[in-house]
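The block underneath contains the structure these notes are about, expressed in structure tokens.
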Amino acid sequence: MLRRNWKGDARHGIASQFLAFFEPDDARVERVRGLGLTWRNTIHQARKRFRQRQPSGAEVVTYSNVWGLPLFADLDGASRRIGVLHGPWPDQTDHVRSVRGCLDGVIGISSQQMELAARLLPELTAERIAFLPVPAGRDRGEIRQPQLGGRPFVVGYSGRVQRHQKRAERFPELVDALNRAGFAYRFEVLGDGPLLPGLRHRFSGNPRVVFHGRQHGEQYWQVLQTWDAMIFASDFEGVPISLMEGLSVGVIPVFPRIGSGADGHVKQVDARLLYPPGDLATAVRVLQSLTRLSKDEVTTLRRRCGEIARPHLGECDLAAMSACVHRIRDLPRISCTVFPRRPFYRSDHCPFGLLRRIYPKGLWQGNSRLLPVPLQLPA
């Protein structure tokens with residue numbers, strides 16, 4: 001999504017610059033800078049680098065998933081601040097609550113994220129909370145899948161191949177359940193991540209499992225358009241971009257019922273496509289039921305997928321982002337302008353890699369820590 005902003009913001013009246021916390025400081029990309037942070041660095045070091053490299057004169061600063069906002073708000077020099085909520089994550093409620101008073105607006109990718117902002121940040125009125133449609137990545141939808149029958153049913157996964165959030169370590173269990181179901185299938189993985197080498201080894205020599213790695217451009221779409229269904233094994237999600245991409249080309253989603261923004265989209269296709277989280281046996285039964293549908297029933301499902309994706313085609317996300325940024329810029333400022341001096345936190349001097357394990361709350365401590373009230377003794 002950030003790459004889309006980088007390419008298209010200017011067409012929508014935004015002169016954008018980007019600062020990536022954990023990217024190299026020499027990004028060699030126009031309008032992109034990095035803090036060059038790694039797991040070895042500390043919050044104290046990050047604040048020093050932010051002060052040195054934050055683009056000067058920023059009129060509006062947006063924080064992706066509000067990450068870094070408690071650490072850098074007193075240094076960003078912004079006239080307005082916007083938090084972009086891409087989706088839920090563990091302890092999101094506490095984290096969003098921790099940035100109260102620091103924002104002038106919020107953009108959420110789903111009604112759940114917008115409602116969360118309204119509940120936890122009551123200073124934000126309705127005009128300061130906007131919807132950001134997840135882009136399908138295409139200007140128009142296109143359904144090309146061949147008819148079922150006489151060939152394997154193709155099930156795909158598109159996304160990061162990792163344990164955190166995506167739970168890709170569940171794929172062997174999924175394949176075992178597909179084997180027990182006894183129908184002709186092919187399982188394809190489109191993406192890269194830390195679990196990919198182990199999964200490649202686990203399924204080496206298995207012609208029913210295909211790994212495409214990471215693909216770009218037309219190569220990506222050529223793979224996606226051969227899938228009959230796509231499956232997600234996540235514990236938490238917002239609205240995955242890959243879901244919207246699949247819907248736009250008629251791929252039928254099978255998704256865990258995790259209360260995410262994606263649940264509603266999948267339910268519009270067919271509520272039976274939602275399965276209990278972690279219950280891959282049930283997910284495979286849903287997939288198997290799709291193989292028994294008539295030609296007309298499959299066509300109906302694919303058309304529903306395309307209809308759901310239609311509002312997400314083209315540059316819908318860039319237009320929505322631009323409208324929100326300009327509106328917030330024109331509204332009175334309500335975010336903090338003066339911050340107290342940052343208290344001494346031991347966690348500010350702990351490497352990120354260790355801090356995430358022993359005290360993740362330290363990543364969300366701002367400058368306004370509640371101090372103990374001195375004991376008042378009677379005269």
Straight-line reach from K48: which lysines fall under 19 Å, measuring Cα to Cα and dropping same-chain residues less than 8 apart?
none
Calculate the FRET efficiency for H326 and H44 from the Cβ-Cβ distance with a Förster distance of 45 Å, rounded to the nearest 0.05.
0.80
Around R214 (Cβ within 15 Å, Cβ-to-Cβ, excluding R214; K/R +1, D/E -1) the net charge comes to 0
Using θ = phi - 60° and the Karplus relation 6.51 cos²θ - 1.76 cosθ + 1.60, list the HN-Hα couplings for segment 219-232 in order, rounded to whole Hz, with x at every Gly or Pro.
4, 4, 5, 4, 5, 4, 6, 8, 7, 8, 9, 10, 10, 10
When you count, for each residue, the other Cβ atoms within 10 Å and take the mean per peptide, how do 36-45, 62-71 rank with the highest first?
62-71, 36-45
If amide H atoms are built 1.01 Å from N in the plane of the peptide, which residues on other chains or at least 5 residues away come under 5 Å of the amide H of R186?
F153, V154, V155
Net charge near I107 (other residues with Cβ under 11 Å of its Cβ; Lys, Arg +1; Asp, Glu -1) is +1
Using a probe of 1.4 angstrom, how much of the accessible area of segment 130-269 is carbon and sulfur, in percent?
48
Hits among lysines - C-alpha to C-alpha of K166 under 28 Å, sequence gap 8 or more where chains match
K7, K267, K361
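Please compute the length gained on full extension between A281 and W89, using 0.36 nm multiplied by the number of residues separating them and subtracting their Cα-Cα distance. Please report the intermediate quantities before stating the final value.
Working: separation 192, 0.36 × 192 = 69.12 nm, distance 2.51 nm.
Here the segment from A281 to W89 would lengthen by 66.6 nm.
Which net charge results for the neighbourhood of S289, defined as the other residues with beta-carbon distances under 14 angstrom from its beta-carbon, given Lys and Arg at +1 and Asp and Glu at -1? List each step's numbers first, then the result.
Numbers: positive: R272, R285, R292; negative: D228, D270, E297.
Net local charge, S289 excluded: 0.
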The chain - accessible surface per residue (Å², probe 1.4 Å):
50
Rounded to 0.05, the calculated FRET efficiency for the beta carbons of R138 and Y345 at R₀ = 41 Å is 0.35
Per-residue ellipticity at 222 nm attributable to helices in the chain (runs of n ≥ 4 DSSP H, -39500 (n - 2.57) apiece, nearest 500 deg cm²/dmol) works out to -10000 deg cm²/dmol
Separation between the I358 and E59 pseudo-spin-labels, each 7 Å from Cα along Cα→Cβ, expressed in nm?
4.6
Using θ = phi - 60° and Karplus 6.51 cos²θ - 1.76 cosθ + 1.60, couplings along segment 99-116 (whole Hz; Gly, Pro as x)
9, 4, x, 9, 10, 9, x, 9, 10, x, 8, 8, 4, 5, 5, 5, 5, 4
Tell me, what HN-Hα J-couplings in whole Hz come from the Karplus equation 6.51 cos²θ - 1.76 cosθ + 1.60 at θ = phi - 60° for each residue of segment 191-207, using x for Gly and Pro?
x, 9, x, x, 8, 4, x, x, 5, 4, 5, 4, 10, 4, x, 9, x
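The values are calculated or read from the model by the stated rules, or taken from the named source; none is laboratory data. Keep in mind that this is a model prediction, so the values were computed, not measured. All Cβ positions, even for glycine, are placed from backbone atoms using ideal geometry, and neighbour counts span all protein chains on display. These accessible areas exclude ligands, DNA and RNA; they are computed on the full protein's heavy atoms, side chains included. Shrake-Rupley method; radii C 1.70, N 1.55, O 1.52, S 1.80 Å.
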